[in-house]
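Engineer: My questions all concern the structure below.
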Amino acid sequence: MQDQIRTVAVIGCGVIGASWACLFPSRGLNVLIYDPAEGVQKMFERYLQNAWPALAALMPVEGVWAKNYKFIDNLESSLSEADFIQENGPERPEFKQALMETLDQYSRPGVVISSSSSGLPASKFIGRCQKDPSRILRHHDINDPDFYRSLGKKPILLRHEVPGFVANRLQAAINSEAYSLVSRGIVSAEDLDTAVTSGPGLRWALTGPFVTNSLGGGGGPNGFTQRIERLGPAIRAWEEDMLKHRFDWSEESVSVLKEEASKWLDSVDWDGVVGKRDQMLLSLLEVNSRTSKL
Ligand SMILES: NC(=O)c1ccc[n+]([C@@H]2O[C@H](COP(=O)([O-])OP(=O)(O)OC[C@H]3O[C@@H](n4cnc5c(N)ncnc54)[C@H](O)[C@@H]3O)[C@@H](O)[C@H]2O)c1
């Protein structure tokens, strides 16, 4: 499938759309960008300017220019040019349904419309599509993952639909415990971040929970079993405590959490963080692609 894809439409150019709109040209694709928000092109160009040098170094593609994109303001007249559509609009089911209806209407039948939705399964937003609803997917649902592989992504297979899918559920589990610890005053938000970035976060880019657990259990084919047997009972006791103190999302807890978070976040140099984060993430991806799967 990826050989036939030359032009990709990026629909919605916020946090997620902008990163797709940077990635596609770096892989030699033409990009059409649609986003009705005012000033979005300027914001995207600033983002692209910062991201491009590292992106181009990471994935050098002959003859590619950072200008391989075009903002469009009329889906009806432009969408038929797209060979693949990446949807990144706001995460609201009724909004996605209406947007998908428009995308389905103005694109060529058979062209995949892939949604970036964090938690909505495709079945929740194809209801109003008349032309070809079978080509509308959540990008983790995609039948032919080769296109995403060709972009340097690593698709995974979900055997059943679940809200939030896999990576977002894992993040939600960590966030929930982080919110609980910080709102209970056990640790500051700054130290909580440090506990992740200097602790398990360092390894998680290299080995996932199963390989990490196996290594923690002594490694080898029995490492995982040994860890479960040795540490399982202790971890269950922590889990009971975690469940008892689970972040409850009450107005009061959210207000304490925000107050605690802002003590840390108000002092962050945001421009510096974003630039450095992008640069280091790209370096990490580059190292990771050289080391193959651990
Ligand atoms: N931010 C994350 O960490 C994250 C991670 C994974 C997936 N997602 C998913 O990606 C999608 C986009 O999230 P985001 O964080 O980039 O949101 P965002 O609010 O930053 O961006 C959404 C963009 O959609 C634009 N938009 C509004 N109406 C539109 C329309 N009719 N047509 C086209 N564009 C329109 C907005 O102007 C905005 O720029 C959501 O479905 C979200 O769940 C987000």
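We did not get these values from a lab; they are worked out from the coordinates using the rules stated. Nothing here was measured: the structure is a model prediction, and the numbers come from that model. Heads up, the Cβs are rebuilt from the backbone with ideal geometry, glycines too, and the neighbour counts pull from every protein chain shown.
Engineer: 5 Å is the cut-off here: which amide hydrogens, built 1.01 Å from N in the peptide plane, fall below it relative to Lys70, excluding neighbours closer than 5 in sequence?
Structural biologist: For Lys70, whose amide H was placed from the backbone, the distant partners under 5 Å are Val31, Leu32, Ile33.
Engineer: Right, next: Simple spin-label model, 7 Å along Cα-to-Cβ: Lys258 to Leu206 in nm?
Structural biologist: In this crude label model, Lys258 to Leu206 measures out at 4.0 nm.
Engineer: Report the convex hull volume per residue for region 82-158, counting only C-alpha atoms, in Å³.
Structural biologist: 88 Å³
Engineer: Oh, and also: Kindly write out, for region 263-273 in residue order, the coupling ³J(HN,Hα) from the Karplus curve 6.51 cos²θ - 1.76 cosθ + 1.60 (θ = phi - 60°), rounded to whole Hz, with x marking Gly and Pro.
Structural biologist: Ordered by residue, 3J(HN,Hα) equals 4, 8, 6, 5, 9, 7, 8, 5, 4, x, 4 Hz.
Engineer: Provide the convex hull volume over Cα atoms per residue for region 145-294, in Å³.
Structural biologist: 172 Å³
Engineer: For region 12-109, what is the convex hull volume of its Cα atoms per residue in Å³?
Structural biologist: 100 Å³
Engineer: Please state the relative contact order of the chain as a whole percent: Cα pairs under 8 Å, 6+ residues apart?
Structural biologist: 15 percent.
Engineer: Can you work out ³J(HN,Hα) from phi for every residue in region 176-185, in order, using Karplus 6.51 cos²θ - 1.76 cosθ + 1.60 and θ = phi - 60°, giving whole Hz and x for Gly and Pro?
Structural biologist: 4, 5, 4, 4, 5, 4, 6, 6, 7, x
Engineer: Per q in 0.15 1/Å, what log10 I(q)/I(0) does a Debye calculation on the alpha-carbon atoms of the chain return?
Structural biologist: Taking Cα atoms of the chain as identical point scatterers yields -1.37.
Engineer: Just list whichever of Lys67/Lys153; Lys124/Lys153; Lys96/Lys124; Lys42/Lys67 have alpha carbons separated by over 20 Å in the model shown.
Structural biologist: From Lys67/Lys153; Lys124/Lys153; Lys96/Lys124; Lys42/Lys67, over 20 Å: Lys67/Lys153; Lys124/Lys153.
Engineer: Can you work out ³J(HN,Hα) from phi for every residue in region 242-253, in order, using Karplus 6.51 cos²θ - 1.76 cosθ + 1.60 and θ = phi - 60°, giving whole Hz and x for Gly and Pro?
Structural biologist: Values per residue, Gly and Pro as x: 5, 5, 4, 10, 3, 4, 9, 6, 5, 4, 5, 5 Hz.
Engineer: Moving on to the next point. Based on DSSP loop calls and a cut-off of at most 15 other Cβ atoms within 10 Å, the longest stretch of the chain free of exposed chymotrypsin sites (Phe, Trp or Tyr not before Pro) is what?
Structural biologist: Within the chain, the longest run free of exposed chymotrypsin sites (Phe, Trp or Tyr not before Pro) spans 66-248.
Engineer: Moving to a separate point now. Amide H to amide H, which residues 5 or more places from Arg138 or on other chains are under 5 Å from it, using H placed in the peptide plane?
Structural biologist: HN-HN under 5 Å from Arg138: Ser115, Ala122.
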